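First the structure, in the form of structure tokens, and then the observations on it.
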Amino acid sequence: MTTEDTKDNETQVTPTPAPAEQPAAPEATETAQPAAETTHQQRAPRAPRREGSSQQRSGGRSSRRDGSSRSGSDASGEDNQLVEKVVYVNRCAKVVKGGRRFSFSALVVVGDQNGKVGQGFGKANEVSDAIRKGTDAAKRAMKKVVVVNETLPHEVYSEFGGAKIVLKPAAPGTGLVAGEKVRAVLEAAGVSNVIAKSLGSSNAANVVKATMQAMLSMRTADQVLSARGKKKKEKESV
């Protein structure tokens, strides 16, 4: 056998170790897979804890949200029952070096049409803000007034500043015979049958305050007798 043949055989044999090195890569991949599996196995027990904690947190938050939403719905329900009436909006202009600056004031009456009524006055640079302030002030100033069968228990006269108001009870079906300012207070209080007359100044704020003063000064017969320590006598049957 010649040396050239031996050289050819050696060149053919030398590539044989290369395939032996190739399986090393699959072994590394196979060893890497169990490592990933072990990491998954280690993280597996943590999943229930996170789910449980998230459920507890979500449960607590949902209960809080439910409670807050209920209170909000109750509050909104109360606000929906109130009647808001804008009686008068005034604009005031202040002349300055650069021009005019406008401000607004609003007189608002709020009531539940069930014997509670209040009036408020708000000032702001915008009409909407003035009305909002007046509405909030009226809600805080709401007071209980006497309403008997959708009318007044007796005739009443009241003065506030230059405003003079007379209110008289009326029979069912009469309606509200009153001006715009007095009508707003009576409708908010739930009065449907009244005859009213304004005898003095037509200033909106004074007229509304005089009407409120007249409504608050009224008393029923039972209230007067109880204040005197007496009881109402029952009518004897004939």
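The values are calculated or read from the model by the stated rules, or taken from the named source; none is laboratory data. These numbers come from a predicted model, not from an experiment. Please note: Cβ atoms are built from the backbone with ideal geometry, for glycine as well, and neighbour counts cover all protein chains shown.
List the pairs whose first member sits in the range 182-201 and is without any contact (Cβ under 8 Å) to a residue 24 or more places away in the chain, whose second member is of a type in the set (A, V, I, L, M) and surrounded by fewer than 22 Cβ atoms within 10 Å (Cβ to Cβ), and whose Cβ atoms are under 8 Å apart, counting only residues at least 6 apart or on separate chains?
From residues that are without any contact (Cβ under 8 Å) to a residue 24 or more places away in the chain, the pairs are R183/L176.
Just need a number here: residues in the range 118-131 that are surrounded by 14 or more Cβ atoms within 10 Å (Cβ to Cβ), in contact with a strand residue (DSSP E or B) (Cβ under 7 Å, 6 or more places away or on another chain) and more than 27 Å from G175 (Cβ to Cβ).
Total satisfying the criteria: 7.
Taking into account only those residues within the range 193-238 that are farther than 19 Å from V146 by Cβ and of a type in the set (S, T, Y), which is modelled with the lowest pLDDT?
S237
Being free of Cβ contacts under 8 Å to residues at least 60 places away in the same chain, over 22 Å from A205 (Cβ atoms) and of a type in the set (V, I, T): is that true of V147 here?
yes
Taking the stated definitions as given, is S63 part of a helix (DSSP H, G or I), at pLDDT below 50 and under 28 Å from the mean Cα position of the chain (by Cα)?
Judged against the criteria, S63 is a match.
For the list (1) more than 26 Å from V89 (Cα to Cα); (2) surrounded by 13 or more Cβ atoms within 10 Å (Cβ to Cβ), I need the number of the one condition that E155 fails.
Of everything listed in (1) more than 26 Å from V89 (Cα to Cα); (2) surrounded by 13 or more Cβ atoms within 10 Å (Cβ to Cβ), E155 misses just condition (2).
Return the total of residues in the range 111-133 being in contact with a helix residue (DSSP H, G or I) (Cβ under 8 Å, 6 or more places away or on another chain) and touching a residue at least 24 places away in the same chain (Cβ under 8 Å).
The number of residues fulfilling the criteria is 9.
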